[in-house]
1. So if I check each of Lys306, Lys292, Lys317, which one is surrounded by 18 or more Cβ atoms within 10 Å (Cβ to Cβ), outside any strand (DSSP E or B) and at pLDDT 95 or above?
2. Hey, can you tell me all the residues within region 160-191 that are within 11 Å of the chain's Cα centre (by Cα) and either at positive phi or buried (at least 24 other Cβ atoms within 10 Å of the Cβ) (or both)?
3. Give the residue, chosen from Tyr111, Tyr81, that is part of a strand (DSSP E or B), at pLDDT 95 or above and farther than 30 Å from Gln224 by Cα.
4. Do you know which residues across region 47-71 are touching a residue at least 40 places away in the same chain (Cβ under 8 Å) and either among the β-branched types (Val, Ile, Thr) or outside any loop (DSSP other than H, G, I, E, B) (or both)?
5. Go through (1) closer than 19 Å to Glu264 by Cβ; (2) not in a loop (DSSP other than H, G, I, E, B) one by one and return the number of the condition Val280 breaks.
6. Is one or more of the residues making up region 232-250 touching an Asp or Glu at 6+ places or on another chain (Cβ under 6 Å), surrounded by 16 or more Cβ atoms within 10 Å (Cβ to Cβ) and at negative phi?
7. Filter region 154-175 down to the residues that are assigned to a helix (DSSP H, G or I) and β-branched (Val, Ile, Thr), then identify the one that is nearest to Leu201 (Cα to Cα).
8. Which residue, of Met50, Met120, is outside the structural domain of Val190 (by TED's automatic domain parsing) and modelled with pLDDT of 95 or more?
Amino acid sequence: MKKFFAILFLILIVGLAGYLIFTREKGAKEANNAEDFYRAKFFEKLSGNMVQCGLCPNRCILSRGQIGLCKARKNIDGELYSLNYGNVAAQHVDPIEKKPFFHFLPGAKAYSISTTGCNMRCSFCQNWDISQVFPWEVETTKMTPEQVVNDALQSGSEVIAFTYNEPIVYYEYVYDVARLAKEKGLRTVVVSNGYINLEPLRELLPYIDAYKVDLKAFKEEFYQKFTGGHLAPVLETIKTIKNSGVWLEIVNLLIPGENESKEEIREMAKWIKENVGDDVPLHFSAFHPEYKLQNLPSTPSETIIKARQVAMEEGLKFVYTGNIIYPEGESTYCPGSKEIAIERRGYMIQANNLVDGKCLDGEVIPGIWK
């Protein structure tokens, strides 16, 4: 009997593997018809029907039929096409604080969408099931930009958030939705790894109200080892966003033994203060074992609290803690009086004492408040 069940189990495993391979190959073959996809922006035609993508620092050079590292852009007959335009893989209405944005429309509902793919390969990704797959490997819903905007309005949301996977890999869709949203009076935010070239970034920013950049670490070695990317382009993105006037917030996920040393936190805080200012909100988040880093422990709360203290010692005014229970690190304080400007518990606003973005003593808190 045990032998029978072992054989049956083996047959099921082989069958499942065969089905997955068939599905993947079928999807790849179906992704050869240019009329089914959206022509990509920012690419250069090369000889021999090759193309080079110019969207992000990966700058993939693709032969005919090849798909980029992001799993979302393909060379079809010497032209580059977006494979995930309008293919919504996740769709929720979240509090804006969940993104996290703490200085942007507190308490607002954010109509949040994603597609598939990512231009990094973070071994600690919490949304790897949509970020590390091709569009045909997960169930998606086809939505036009008009449908997204109408759905957002009907949900009572004030904001459309491009989030969950990396929005840059569905750049054309973000661009089209954001332009339409602006016409309809909706705000837009991008939740991103910041790994984008400057030309496409500058073209997008006029249609974006706020941009959250996930600064993975402040060491190039970390980026190469854990993300497949590089640090310098992300820093350029952060400076470009700040200089554009688009509201900017930064998040840093602290992973035990990898990027949470006081020295690294101090260097990062100094760079932020010197390059984009002491009033840019910085959020420290706790790591939990995910994807390929399930062998590491979760980040202790003490590590997050100490990181906040170090960053504030370096002069940053608005430093927050995430994914831990620590009320002091969740609320916004008036830098002068130290009074609570906005009191939070988790993603919920308990009290908002700001009047037109000002504390009771008249001190201005930077952000977008209405």
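The values are calculated or read from the model by the stated rules, or taken from the named source; none is laboratory data. Predicted, not measured: the structure shown is a model, and the values here were computed from it. With ideal geometry, Cβ positions are generated from the backbone for all residues, glycine too; neighbour counts draw on all protein chains shown.
1. Lys317
2. Those that are within 11 Å of the chain's Cα centre (by Cα) and either at positive phi or buried (at least 24 other Cβ atoms within 10 Å of the Cβ) (or both): Ala161, Phe162, Tyr164, Asn165, Glu166, Pro167, Ile168, Val169, Val189, Val190, Val191.
3. Testing whether each residue is part of a strand (DSSP E or B), at pLDDT 95 or above and farther than 30 Å from Gln224 by Cα leaves just Tyr111.
4. Ile67
5. (2)
6. No.
7. Only one residue tops the list, namely Ile168.
8. Met50
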